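The values are calculated or read from the model by the stated rules, or taken from the named source; none is laboratory data. Just so you know, these numbers come straight off a predicted model, no measurement behind them. Every residue, glycine among them, receives a Cβ derived from its backbone with ideal geometry; neighbour counts consider all protein chains shown.
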Amino acid sequence: MLPGVSLRLERGGYMGSMHNASATGRRESLWTHHDFLKMWASQFVSSFGTSLADFVLPLLVLTLTGSPARAGAVAAVEKLPYVLLAIPAGAILDRIDRRRVMVASNAVRSIILAGVALYLGFKATSLGILVTAIVLSGLCFVFFDVADNAAFPRLVPKSRLAQASGWMEGSVAVSQLAGPAVAGLILGISTTVTIGASFVYGADALALVGSAVAVLSIRTSLAPPPAVSIRPSLLRSAREGVVYVGRHPELRRLALANFVNCLLLATVTLSFITTARQEFAASGGLTGLALAIGATGGVVGSLLTGTLARRFSARRIMLIAGLSWGVGEAVFSVASSITFLIFGFVMVSLVRPIYFSILYAYRNLIIYDSIRGRANSMYRLLAQAAEPIGLLLAGAALQTLGPRPFAAIVAALFLVNALVANTTPVTKPVPVDRLTESIG
């Protein structure tokens, strides 16, 4: 059993409780954990800058090429580094100081994006150079994200991990609301989309500098445990992470269920926009406003995470999330006005931060620190790979079936995944050596 983590019997297996055995952990407020607050600030600033750039990128590519297909291709290329490097990055980050990696990653990304800002500012418009910069920035993001996921559990007591993760998800939700609005304002007052994009990328570069400074000020050691500072080989180390997740019954269940959920969630925004435009003839401005209103559910959900983590197990949260997402998509399929469409999106966005926060906390309670970087990188790889797959499938299905039948199918898949995940037996944490002993 993991030190300081209570496990309670549930349906013949074990389900991790979000409560630490330490009474001190229960009494302490997150506001007293200064290193966590620094990480929280770092993520908020970084997420805000990224949301600015994510909004501008497809508009910029569409302006430069006039091709929606190329805009989609660039978005897919942006995800490619994560798919290729997540597993080796996890192996590396179980060997070296994760704080240094996070600082270096954001510092290099800021230099790259500042270069993009200057390049666009001089009205240069080579798509090849832009894609190259995006790929290089994506490479740095892989190392930052894997290091962040592995290091974060060290900054708060285990009893506060779900609540702290909820705060993180809340900052992401706020940045995703504010980022597009600010980026749209910048584009609106700029003479061209290219000039506006240069200002946006400049702002993103500054945000990454602020994020790096916040992480640099963290005093808690984020270095790997001394016992695993030296490993036989990087290849074996990477394979251990893959094998650990694949052979660990509980992590395997979580990873597969989360892959399906992430694939389906990737379709929601496209489904919303298509339904609004085709079924209700909503303008681009009205569609964007409706989307922003619906997304406020995510902010509310992040505030409820701590309370729900104390009342429900991770398994129950998975079921509640699947039901809520299914209902939201079902509303898409029968909505008689854009108001009902917004209600459906609120149902989806409300539980999203709750689900990701509590599942993040739970899986980190059952992963040992010595393999956390590698196990999390495998888990995150599946989640990241699900998004482009979901978008590709959604585009084809929406065009073939139409928005309402497509939403009904997605609703059914959400419900089936939630029920299957909740009928699979759960297990207690499994030692690393038992799961990786056969690796040569």
Of all residues in the stretch 76-105 being in contact with a Pro (Cβ under 7 Å, 6 or more places away or on another chain) and in a helix (DSSP H, G or I), the one that is surrounded by the most Cβ atoms within 10 Å (Cβ to Cβ) = K79
note = Reported set for the stretch 367-388 where residues are at pLDDT below 80 and farther than 20 Å from D97 by Cβ is P388
key: Residue that is of a type outside the set (D, E) and out of contact with any Phe, Trp or Tyr (no Cβ under 6 Å at 6 or more places or on another chain), where the choices are A214, A255   = A214
query = For S171, all conditions in the list (1) in contact (Cβ under 8 Å) with a residue 40 or more places away in the chain; (2) of a type in the set (G, A, S); (3) closer than 19 Å to V74 by Cα hold save one; what is the number of the exception?
reply = (3)
query = Which residues, taken from the stretch 281-320, are more than 21 Å from the chain's Cα centre (by Cα), assigned to a helix (DSSP H, G or I) and buried (at least 16 other Cβ atoms within 10 Å of the Cβ)?
reply = T287, G288, A290
message = Looking at the stretch 303-350 only, could you name the residues that are touching a Gly at 6+ places or on another chain (Cβ under 7 Å) and aliphatic (A, V, I, L, M)?
response = L303, A314, V331, A335, I342, V346, M347, V348, L350
query = Failed condition for L393, given (1) buried (at least 19 other Cβ atoms within 10 Å of the Cβ); (2) among the hydrophobic types (A, V, I, L, M, F, W, C); (3) modelled with pLDDT under 85; (4) over 16 Å from the mean Cα position of the chain (by Cα), with all others met?
reply = (1)
ask   = Does I354 fit the bill of being buried (at least 23 other Cβ atoms within 10 Å of the Cβ) and not assigned by TED's automatic domain parsing to the domain that holds S171?
value = yes
ask   = Do we have R372 as without any contact (Cβ under 8 Å) to a residue 24 or more places away in the chain, out of contact with any Lys or Arg (no Cβ under 8 Å at 6 or more places or on another chain) and basic (K, R) here?
value = no
ask   = Is one or more of the residues making up the stretch 426-436 exposed (fewer than 15 other Cβ atoms within 10 Å of the Cβ), of a type outside the set (K, R) and either modelled with pLDDT of 85 or more or not in a helix (DSSP H, G or I) (or both)?
value = yes
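Test V182 against the criterion of being in a helix (DSSP H, G or I) and surrounded by fewer than 19 Cβ atoms within 10 Å (Cβ to Cβ), and give yes or no.
The answer is yes for V182.
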